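Structure first, commentary second.
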Amino acid sequence: MRNLTFSMLASAAALAMSSSASAQTVVEGQGPNFATHISASTSNTQNDNVEVYGSTTGVGGADVLFTGNTQIHITSGNGFASITDSTDETHTGLFTSLIINPEPLFTALQFNLSLTDGAFLQIDYSYGGGVFLNAINGIISQNGNANTGYTISGGNTPFDAIRLTSCLTNAICNTAVGVGSGTGAPINFERQNSINLQAVTAVPEPATWAMMLFGFGAVGAALRRRKQATSLMQMA
């Protein structure tokens, strides 16, 4: 019985600490838009800046941060945010990297991207506010001036942020670190953003887990006492 109690406690602890992970994927081609659109914020309207804000609420809000390697401009059209270079109307090479960082966690993101010329695209992801990890699906070769759609999925493990980087060569993409490292063709625009937010589920507080573990221990102790009492009665 003691072994059973320990097994129950170990299982509960493992359940509390475990997290489901799944492979991240990128599919080229715009599918049906997700129900939640990212539009330009109407409560934080700062523009022509390195940082501009979008919203997943559709009415006000500023819960999506877009960060460029140069000053960027955000507009809304048909309910979607559109990001362009605000300082380089001729697109001579400034806007090459963009971070999309929603405040809520998300499991999938769709967007359209256009580059001024053919280049290699690296799509990095971040979990839990940490550093950006390796590229999803390796390095993608994109044609110039194409309005290419992408769908990024994280499966059961939610994303914290996504980074897009245009690189001159595959090798440069693989060694690119941090925003501002893009060396490829400039970005004409990034738009048609729609997002699949992580489902909000109730997570027990630490005190709740402690009570559950204490309860398992109490059940085990009661079963042990009951077994000892039964053994004494049989001996009598």
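The values are calculated or read from the model by the stated rules, or taken from the named source; none is laboratory data. Here the structure is a predicted model, which is why all the values come from computation and not from measurement. Protein only, heavy atoms only, side chains kept; ligands, DNA and RNA dropped before computing areas. Shrake-Rupley method; radii C 1.70, N 1.55, O 1.52, S 1.80 Å.
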Just to verify a number: what accessible area does E28 come out at with the full protein assembly present, 1.4 Å probe, Å² rounded to tens? 110
What figure, in Å² to the nearest 10, do you get for the accessible area of V59 with a 1.4 Å probe and non-protein molecules left out? 130
